1. Got at least one residue in segment 93-100 being hydrophobic (A, V, I, L, M, F, W, C), more than 30 Å from Ser169 (Cα to Cα) and surrounded by 10 or more Cβ atoms within 10 Å (Cβ to Cβ)?
2. Going through segment 101-130 one residue at a time, which ones are surrounded by fewer than 16 Cβ atoms within 10 Å (Cβ to Cβ), assigned to a helix (DSSP H, G or I) and over 26 Å from the mean Cα position of the chain (by Cα)?
3. State all residues of segment 131-145 that are surrounded by fewer than 15 Cβ atoms within 10 Å (Cβ to Cβ) and in contact with a strand residue (DSSP E or B) (Cβ under 7 Å, 6 or more places away or on another chain); if no residue qualifies, say none.
4. Residues being surrounded by fewer than 16 Cβ atoms within 10 Å (Cβ to Cβ) and either within 18 Å of the chain's Cα centre (by Cα) or of a type in the set (Asp, Glu) (or both): count how many of those fall in segment 158-172.
5. Quick check on segment 173-206: of everything there that is basic (Lys, Arg) and closer than 15 Å to Arg225 by Cα, which residue is surrounded by the most Cβ atoms within 10 Å (Cβ to Cβ)?
Amino acid sequence: MKKDQRLKEISDRLKGIPIDEIQNLEILRNNFEDEIRECIADRARKELQVSAIEDRKADKEKNFEKEIKKDKKQKELRLKLELCDRSVEALKGIKEKVVGELRENAEQKFEEYFLSLHWKKGDFKNVKISDDYKTSVINNLGSECLGTMSAGERQVLALSFMASLSNVSGFDAPIIIDTPLGRISGVPREKIAASLPRYLENSQLILLMTDQEYTPTVKSNMKERIGKEFELRYDEEEVTTKIVEIEGV
């Protein structure tokens, strides 16, 4: 509809314009297109020139480095540059070592948390964290089983991974978890409710839970770590959600 309206507007405007003026405008438009094509071709030529200049620049830099090495006056500068290079390599090694140790510590905590939180004892042998922080779960038969885990098991895996990273990161910041027990039911839910706060005991933990998750048993298992308790109440008249603190927690 917009296009039809636009076409009608253009048609109405053209009716009042002389043929000669339209022809002149068409010639002008063709000239502009020729200029655009010429500019594109000129740009391509300039890019080739820039590429050739950069190649020559690289050759000059190589020759410059050779001349610096030949010049005895630059010996001190060369020694400083070599020291900087060695320092950079040493720092890279230190970084790799520290990152590796952190990953190993995270992996150790990850396995500890997952195996203790999971309700099926003996089903899993260990869990791993690769160099690029991808997780792997090995069952008691020695096979990778990450792709066959249930939604609840994946939830436990995610909670364990988060807790392990928080433990080794050194960052003291609040942690917010939305529906931490949403896919878990029964005894596993109660066990996780009692265990999770201990794994994050040095962090402020904020849990956003539904009434189906926050059962009396879950609340009882977590009561030692509950500092404040709030309820989100929807007001249909005002069409807003209010945050109400629950007294006596």
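1. As a first pass, look at segment 93-100 and keep what is hydrophobic (A, V, I, L, M, F, W, C): 94, 98-99.
Filter once more, so that each one left must be more than 30 Å from Ser169 (Cα to Cα): none.
No, there is no match, as no residue in segment 93-100 is hydrophobic (A, V, I, L, M, F, W, C), more than 30 Å from Ser169 (Cα to Cα) and surrounded by 10 or more Cβ atoms within 10 Å (Cβ to Cβ).
2. Of everything in segment 101-130, just one residue is surrounded by fewer than 16 Cβ atoms within 10 Å (Cβ to Cβ), assigned to a helix (DSSP H, G or I) and over 26 Å from the mean Cα position of the chain (by Cα), namely Ser116.
3. Initial filter on segment 131-145 (surrounded by fewer than 15 Cβ atoms within 10 Å (Cβ to Cβ)): 131-134, 136, 140-144.
Ser136, Asn140, Gly142, Glu144, listed by residue number.
4. From segment 158-172, those surrounded by fewer than 16 Cβ atoms within 10 Å (Cβ to Cβ) are 158, 169-172; that's our starting set.
With the extra rule that they be either within 18 Å of the chain's Cα centre (by Cα) or of a type in the set (Asp, Glu) (or both), the set shrinks to 158, 169, 171-172.
Adding up the residues that qualify gives 4.
5. Start the filter on segment 173-206 by keeping residues that are basic (Lys, Arg), which leaves 183, 189, 191, 198.
Now drop any that are not closer than 15 Å to Arg225 by Cα, which leaves 191, 198.
Numbers: Lys191: 17, Arg198: 12.
Per the criteria, the residue is Lys191.
To keep it simple, each residue is scored yes or no on (1) at pLDDT below 85; (2) in contact with an Asp or Glu (Cβ under 9 Å, 6 or more places away or on another chain); (3) of a type in the set (A, V, I, L, M, F, W, C).
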site	(1), (2), (3)
Glu38	no, no, no
Asp42	no, no, no
Ile68	yes, no, yes
Leu83	no, no, yes
Ser87	no, no, no
Lys97	no, no, no
Arg103	no, yes, no
Ala106	no, no, yes
Leu115	yes, no, yes
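The values are calculated or read from the model by the stated rules, or taken from the named source; none is laboratory data. This structure is a prediction, so every number in the text was calculated from the model and none was measured. Using ideal geometry, Cβ is built from the backbone for each residue, glycine included, and neighbour counts are taken over all protein chains shown.
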